[in-house]
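Please treat every number below as a calculation from the coordinates, not as lab data. These numbers come from a predicted model, not from an experiment. Positions of Cβ are backbone-derived with ideal geometry, glycine not excepted, and every protein chain shown enters the neighbour counts.
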Amino acid sequence: MNKTLAIGAFLCLALAGCGGGGTPQAAPTVTHTVIQTATATVTATATVTAAPVANAAVPPSSAPAPVAPTTATIPANVAGMNAEALDDDLTALGFTKIIYNSDTGKTVLLLSNWTVTGIDNPGAEQSMEKAVVVHVTK
């Protein structure tokens, strides 16, 4: 115990002596001065001359704007097609609601992995806003 106490006291005295023994010195002062001068002269002149525009009457349109079709024919021969290819075809025809029904009950996620086995109402004229049901298998 005395030995541990003596070593602790020696360490305290040794560390106290490492302080430099003098007065603390101030850190040197650094001064950095930057002077920037910028001069810019801009002269701009613009002349605009406009001729008067004659009142040109626009003739009324004689033909009404074409109306987009609201129905399309569902493809008939789709068995054996890749589901992604059929999806591209149905989208090009204008169908917006396409439902893929798996014959095995699995969830259809990646169309390129599925083969079409059939389609509801093949060859029928159907509204593009109505759902088209496609049956697929892996």
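For Trp114, the amide hydrogen comes within under 5 Å of the amide hydrogens of Ala83, Glu84, counting only partners 5 or more places away or on other chains and with H modelled in the peptide plane.
Taking amide H positions as modeled 1.01 Å from N, with prolines and chain starts lacking one, the residues under 5 Å from Asn101 and 5 or more places away or on another chain are Val134, His135, Val136. Could you work out the per residue convex hull volume over the alpha carbons of segment 71-137, in cubic angstrom? Value for segment 71-137: 70 Å³ per residue.
Can you list the GluC sites (Glu not before Pro) in segment 78-135 that are in a DSSP coil and have 11 or fewer other beta carbons within 10 angstrom?
Filter output for segment 78-135: Glu129.
Just want the ordering: Thr115, Thr104, Thr49, from fewest to most Cβ atoms lying within 10 Å of their own Cβ.
Taking fewest neighbouring Cβ atoms as first place, the list is Thr49, Thr104, Thr115.
Out of all DSSP beta bridges in segment 71-137, what portion is antiparallel? Express it as a percent rounded to 5. For segment 71-137, the DSSP antiparallel bridge percentage is about 60.
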